[in-house]
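**Q** What follows is a single structure, and I will ask about it in a moment.
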Amino acid sequence: MRKLCTAAAALTALALSLAGCASTPAATGTSTAGGGTTLTVFAAASMKPTFTALGTAFESTHAGVKVTFNFAGSQTLAEQIINGAAADAFASANEANMKTVTDAGLAATGAQVYATNQLTIAVPPDNPAGITSWNDLTKKGLKLVVCAPVVPCGAATEKIEQATGTTLTPVSEEQAVTDVMAKVQAGEADAGLVYQTDVIAAGETVKGIEFAESSKAINTNVIAALKDGPQAKLGQEFVDLVLSAEGQQVLKAAGFGAAD
């Protein structure tokens, strides 16, 4: 996991260096029992390295604020928010799950695109199944792991299948892209469909295989502050950081496509 830690450290260093020129306002909003203020961000599992780095940068410019994250599949997060979970901002890996939240009137403003991402194939470093293309994922006996259809990465997988007339037969369907990656890293799968950014973050623990068909299902990542969040104002400030030139530079360094 050395390369993964190095990548995460590099993103944090970049985020902090970009935040270094900003002023440090006092924390606003309701304080926690410990005297500080907690900003809670619900974010797609694929955002963990970049948002963790941006969270550290946010804390460096907001005295007394602690940023906490709930990373999971976007569909799980949307359901939690709909059911009353306390969150100040929500970042979804696709527009469909965000729509569930905005349609319920829970967003402070309209959702905004902050990045794009697309699928790639992750295999163990030695690639025991000899995967080189999308069509190789149909090999008989292949231990393929994908996201469940309700998860953004699973919806993208289905879209590519439909566009190419291909039918995959995975051995398991996971509830988050990080779970797919974990099975590949553990040697429990010959291949997994994850985001390009996940492969970059994983470093030498996996090998990434790009495929042209992935362009048929590019995910649009969207973010919004939540109007009923305990720290709604700070939630919007975090959204602003993600959308800022500084935030976009951190996302670009992690392999995400530009918001525009």
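**Q** Just list whichever of K139/K252; K99/K216; K99/K143; K48/K159; K99/K233 have alpha carbons separated by over 31 Å in the model shown.
**A** Checking Cα-Cα distances, K139/K252; K99/K143 exceed 31 Å.
**Q** Another one. Just the number, please: percent antiparallel of the DSSP beta bridges in region 119-216, rounded to the nearest 5.
**A** Just about 60 percent of them are antiparallel.
**Q** With θ taken as phi - 60° and the coefficients 6.51, -1.76 and 1.60, list the Karplus ³J(HN,Hα) couplings across region 241-252 in order, rounded to whole Hz; mark glycine and proline as x.
**A** 5, 4, 7, 5, 4, 5, x, 5, 5, 5, 5, 4
**Q** What list of ³J(HN,Hα) values in whole Hz, one per residue of region 234-239 in order, does the Karplus curve 6.51 cos²θ - 1.76 cosθ + 1.60 (θ = phi - 60°) give from phi, with Gly and Pro shown as x?
**A** Values, residue by residue: 5, x, 5, 5, 5, 4 Hz.
No value in this document is a laboratory result; all are computed from the given coordinates. None of these values were measured; they are calculated from a predicted model.
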